[in-house]
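Visitor: Here it is, the structure in full.
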Amino acid sequence: MALTFKEVSEILKLIDASQCDEVILELEGTRLVVRRGAGGGGSVPANPAAPQQPAQPSPPAGPNAGGTPARAAAQSPAEPGLIDVASPMVGIFYRRPSPEEPPFVEEGARVKKGDTLCLIEVMKLFTTVEAPADGIIASIVQEDGASVEFNQLLFRIRA
């Protein structure tokens, strides 16, 4: 699958709006590497004979990593007993599976480890964000449809 100019442009806009230093995207034989600064990068065809593995997002490093100063100030460290759930990637935050359906969770809802909390959409590809532990949704930090950055706070769960 070749990426179109429009798709690459959308990816670059999302990356530019984020604090990411490097993004690697692999889709069916196409590899797109974008680095800030002197690293260079570009679109390189992957070896078609090599088995393709889906890209795995890195686990969040902390509640404020990657956020802008304004967002970082609004994201105080988690209180004891609260678990922060951060975005695994840059994209669009969706609280519901489709516009006609109810949200996956509401504040005060009890969740079990592995329950779906939201979706993050990048280029029409959706990634499910799951509850990392059993608990109660203490707060939903982002608005439905908001652009989020890698490691930006999405939820707080009271364990």
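The values are calculated or read from the model by the stated rules, or taken from the named source; none is laboratory data. Just so it is clear, the model here is predicted, and its values are computed rather than measured. Counting neighbours? That spans all protein chains shown, and the Cβs are built from the backbone with ideal geometry, glycine included.
Visitor: Among the residues of segment 141-156, which ones are surrounded by 23 or more Cβ atoms within 10 Å (Cβ to Cβ) and either without any contact (Cβ under 8 Å) to a residue 12 or more places away in the chain or among the polar types (S, T, N, Q) (or both)?
Guide: Result: ASN151, GLN152.
Visitor: Could you please find all residues in segment 1-48 being of a type outside the set (A, V, I, L, M, F, W, C), surrounded by fewer than 13 Cβ atoms within 10 Å (Cβ to Cβ), over 16 Å from PHE150 (Cα atoms) and at pLDDT 70 or above?
Guide: THR4, LYS6, SER9, GLU28
Visitor: Can we say SER139 is in contact with a Pro (Cβ under 8 Å, 6 or more places away or on another chain), among the small types (Gly, Ala, Ser) and at pLDDT 90 or above?
Guide: Judged against the criteria, SER139 is not a match.
Visitor: Now a separate question. Within segment 99-106, does at least one residue satisfy the condition of being touching a residue at least 60 places away in the same chain (Cβ under 8 Å) and either touching a strand residue (DSSP E or B) at 6+ places or on another chain (Cβ under 6 Å) or farther than 26 Å from LEU32 by Cα (or both)?
Guide: no
Visitor: List the number of the failed condition for PHE104; all other conditions in (1) part of a loop (DSSP other than H, G, I, E, B); (2) surrounded by fewer than 20 Cβ atoms within 10 Å (Cβ to Cβ) hold.
Guide: (2)
Visitor: On to the next question. Report yes if some residue within segment 57-80 is at pLDDT 70 or above, not in a strand (DSSP E or B) and not basic (Lys, Arg); otherwise report no.
Guide: For segment 57-80, residues at pLDDT 70 or above, not in a strand (DSSP E or B) and not basic (Lys, Arg): present.
Visitor: Are any of the residues in segment 108-122 modelled with pLDDT of 95 or more, in a loop (DSSP other than H, G, I, E, B) and among the acidic types (Asp, Glu)?
Guide: Within segment 108-122 (the criterion being modelled with pLDDT of 95 or more, in a loop (DSSP other than H, G, I, E, B) and among the acidic types (Asp, Glu)), the answer is yes, since at least one residue qualifies.
Visitor: Going residue by residue through segment 127-140, is there one that turns out to be assigned to a strand (DSSP E or B), surrounded by 13 or more Cβ atoms within 10 Å (Cβ to Cβ), of a type outside the set (A, V, I, L, M) and touching a residue at least 60 places away in the same chain (Cβ under 8 Å)?
Guide: Yes: one or more hits.
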